[in-house]
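Notes follow once the structure below has been shown.
The values are calculated or read from the model by the stated rules, or taken from the named source; none is laboratory data. What you see is a predicted model, and the numbers here were worked out from it, not measured in a lab. Glycine also receives a Cβ, built like all others from the backbone with ideal geometry; neighbour counts cover every protein chain displayed.
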Amino acid sequence: GHYISVDTSYEGERAVLASPELYSEEWSCVRLIYQIATTSEASPDPARLNLYLRQEGESFDRLLWSAKEPSDSWLIASLDLMNSTKKYKIVLEGEMGQDKSASIAVFEIKITPGYCIECDFEENHLCGFVNRWNPNVNWFVGGGNIRNSHSILPKDHTLNSELGHYMYVDSVYVKHFQEVAQLISPKTVAPMSGCLSFYYQLKQESSIVFTVYLRDTSGFYEEIWKTDSALSADWVLAEVDFDAPYPMEVIFEVAFNSAKGGYVALDDISFSPVYCSNQTGMRTPFSPAEAGCSFEEDLCNFYQDHKDGPGWSRVKVKRNVYRAGDHTTGFGYFLLANTKFTSQPGYIGRLYGPTLPGNLQFCLRFYYALYGFFKMSGTLAVYIFEENHVVQEKIWSVLDSPKGVWTQAEISFKKPMPCKVVFVSWCKSFWDCGLVALDDVSLSLGSCQAADLLLPSPGECTFEKDECMFTQKKRGRGSWHRRRGPTPTSYTGPKGDHTTGVGYYMYIEASNMVYGQRAYLVSRSLRGTSGKQCLTFFYHMYGAGTGLLSVYLKKEGDEEDIPLWRRTGEQSISWLRGLIEYESERNYQIIFEAIRGVSMRSDTAIDDILFQAGPCLEVEEIQFSSGYPDSLNEIEY
């Protein structure tokens, strides 16, 4: 057969191959057979094969999968594509990096209806299922023209014929007690729940244990099915309810106790998005959004027990240069503990979250800020209360000194029983009592470490690793700098970034520029689309001499840039959210322009840029403004 390849005659370049326009209202599975070959040991910038989804109406391609590991043989990747009402293209990209001996080849790319976890084992690639090699017992392909086993079956299940194929494992080479063979499915990449079914045959002369497990990315095994029959001379259907809210592998495991154990055969693995038994009906999967809150409208599903004392207050701060506002927008609501000007020693405030189901891995993220004069360790803690409130476990507590910066905390946890997350603020003595602020609580399925490994959102830039899709446009001496922590000049610039409080942002250093000098940050060319697009970003304009920050749209072929948004002069000590709605059917660029103001106190910063398809869900009242309306250092209850 033939294959396509790209090699290092294109060093440092990208080779791109796009599919025709596709449309699928049902789930489908993309299978890719590929190889990355190299003779060098390790390269700091290796060759990489990327697979993207290009959806109609989106300016950015969504990265579905990426590989850089070299191999001596063809490898298979399987990726589920969720059903969609939008047309799309699959885009293959070969990135050659700096490895001069590398080449990338693709032998086959195939999109089939159904789920990647399904398999009838009739094709050579075995749908991406792999045997975990063991010196003595392994899963093999049986049936067809393969005559390599004494325990061969007369017929497979798919074709009900001796020409059909299945997987089998037998005990003939067992050397030790409890020898284990594992057949591992491709990893799920989209949340799935429903009924997993398969056919099996089992011949048992001494004890065999045939088990099906789910394994998550952290290596945790959960048993979902086990054989209860000693013998099945014909194919038997097994069905099991299956929940994979985050990436999982299904593992078919057979454990033998002796060489005379017998064999297990497996065929026709399939999946349905409806649970197996009618008794369970359509269980509604838990939505993690129910346990999150930005506190803009109310407390969402959080609540307080007022027997505990005054507790948490939902407050907002008008834009000013003395006291920071909330994390969500800079001028919205957040929670403040130990307020109303009373610092009561021994006071305690608890904020209870909604009940979470047991036996799921969660990642809790939230933002907190501390205001005070002394070290405030222990003034904010997170507990897990089990349903009966008898078992309480502290899973996090604050250690830092007060900085007045919104700082992100993240905690992974998994409990066997239903439980609640409880935020506890307390004040032991008068001198320990400062202000404790809380905002933007979010919960996601899977561990935080696994979430960090997920592919980033297309069109999102937090500046944590680099400048993403932006480049400098050097004119004169003005330039944007990537920085973490406070800027060098006092009374201007942010104390920390918006993403985590300890990460990176982009800013202009006014002390290196002259009055009126400009700095440009320009996006790469973005794909034009029909319909509205929404750009969200955070900006920081604090300092008595602050100049201008503007955002422009530059359409391909136009001389003039279109002004979309502008702020002039000092705005707030907080990070403020900017929202811009725009449209462009032609390819375009977005330009951030900062102009240095009258004094050194003119450091202007931006962070957390996000491009999204479709109109903005909220509207920013004023696109062009100067200064802030009032400078009241007020907390509104």
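Worth a mention:
- Residues satisfying the stated conditions in the stretch 38-50, i.e. among the aliphatic types (A, V, I, L, M) and modelled with pLDDT of 90 or more: Leu49
- Residue match in the stretch 7-24 (condition: polar (S, T, N, Q) and without any contact (Cβ under 8 Å) to a residue 24 or more places away in the chain): yes
- Filter result for Trp235 (out of contact with any helix residue (DSSP H, G or I) (no Cβ under 9 Å at 6 or more places or on another chain), farther than 25 Å from Gly358 by Cβ and buried (at least 17 other Cβ atoms within 10 Å of the Cβ)): yes
- Test: residue in the stretch 131-139 that is crowded, with 19+ Cβ neighbours inside 10 Å and in a loop (DSSP other than H, G, I, E, B): yes
- Top-ranked residue in the stretch 503-547 [being in contact with a Leu (Cβ under 7 Å, 6 or more places away or on another chain) and of a type in the set (Ser, Thr, Tyr); ranked as surrounded by the fewest Cβ atoms within 10 Å (Cβ to Cβ)]: Thr536
- Annotation: of all residues in the stretch 211-259 being of a type in the set (Phe, Trp, Tyr) and more than 34 Å from the chain's Cα centre (by Cα), the one that is modelled with the highest pLDDT is Trp235.
- So Arg566, is it surrounded by fewer than 19 Cβ atoms within 10 Å (Cβ to Cβ), outside any loop (DSSP other than H, G, I, E, B) and either touching a helix residue (DSSP H, G or I) at 6+ places or on another chain (Cβ under 7 Å) or touching a residue at least 24 places away in the same chain (Cβ under 8 Å) (or both): yes
- Residue match in the stretch 174-181 (condition: modelled with pLDDT of 90 or more and of a type in the set (Asp, Glu)): no
- Total residues in the stretch 560-582 satisfying the condition of being touching a Lys or Arg at 6+ places or on another chain (Cβ under 9 Å) and under 24 Å from Thr500 (Cβ atoms): the figure is 6.
- Verdict on Ser66 being assigned by TED's automatic domain parsing to the domain that holds Glu13, more than 29 Å from Gln612 (Cα to Cα) and of a type in the set (S, T, N, Q): no
- Glu69 being in a loop (DSSP other than H, G, I, E, B), modelled with pLDDT under 90, of a type outside the set (A, V, I, L, M, F, W, C) and over 27 Å from Ile117 (Cα atoms): no
- A residue that is under 35 Å from the mean Cα position of the chain (by Cα) and at pLDDT 90 or above cannot be found anywhere in the stretch 337-345.
- Scanning the stretch 158-173 for residues that are within 28 Å of Met82 (Cα to Cα) and at pLDDT below 90 turns up just one, Thr158.
- Total residues in the stretch 481-502 satisfying the condition of being among the charged types (D, E, K, R) and surrounded by 22 or more Cβ atoms within 10 Å (Cβ to Cβ): the figure is 1.
- Filtering the stretch 157-182 to residues that are hydrophobic (A, V, I, L, M, F, W, C) and either free of Cβ contacts under 8 Å to residues at least 24 places away in the same chain or touching an Asp or Glu at 6+ places or on another chain (Cβ under 8 Å) (or both) leaves Leu159, Leu163, Met167, Val180, Ala181.
- Any hit, the stretch 111-120, residues being surrounded by fewer than 18 Cβ atoms within 10 Å (Cβ to Cβ), among the small types (Gly, Ala, Ser) and free of Cβ contacts under 8 Å to residues at least 40 places away in the same chain: no
- Scanning the stretch 51-65 for residues that are closer than 15 Å to Ile104 by Cβ and modelled with pLDDT under 90 returns a single hit, Trp65.
- In the set Ile591, Ile573, only one residue is among the aliphatic types (A, V, I, L, M) and in a loop (DSSP other than H, G, I, E, B); that residue is Ile573.
- Some residue of the stretch 79-101 being buried (at least 18 other Cβ atoms within 10 Å of the Cβ) and of a type in the set (S, T, N, Q): no
- In the stretch 36-56, the residues that are surrounded by fewer than 19 Cβ atoms within 10 Å (Cβ to Cβ), of a type in the set (S, T, N, Q) and assigned to a strand (DSSP E or B): Gln55
- Hits in the stretch 558-614 (condition: small (Gly, Ala, Ser) and closer than 30 Å to Pro488 by Cβ): Gly569, Ser572, Ser574, Gly578, Ala594, Gly597, Ser599, Ser602, Ala605
- Among the residues of the stretch 514-554, those identified as assigned to a loop (DSSP other than H, G, I, E, B), free of Cβ contacts under 8 Å to residues at least 60 places away in the same chain and either closer than 20 Å to Gly578 by Cα or not assigned by TED's automatic domain parsing to the domain that holds Cys468 (or both) are Thr546, Gly547.
- Looking across the stretch 88-121, the residues that are modelled with pLDDT of 90 or more and assigned to a loop (DSSP other than H, G, I, E, B) come down to Gly114, Tyr115, Cys116, Ile117, Glu118, Asp120, Phe121.
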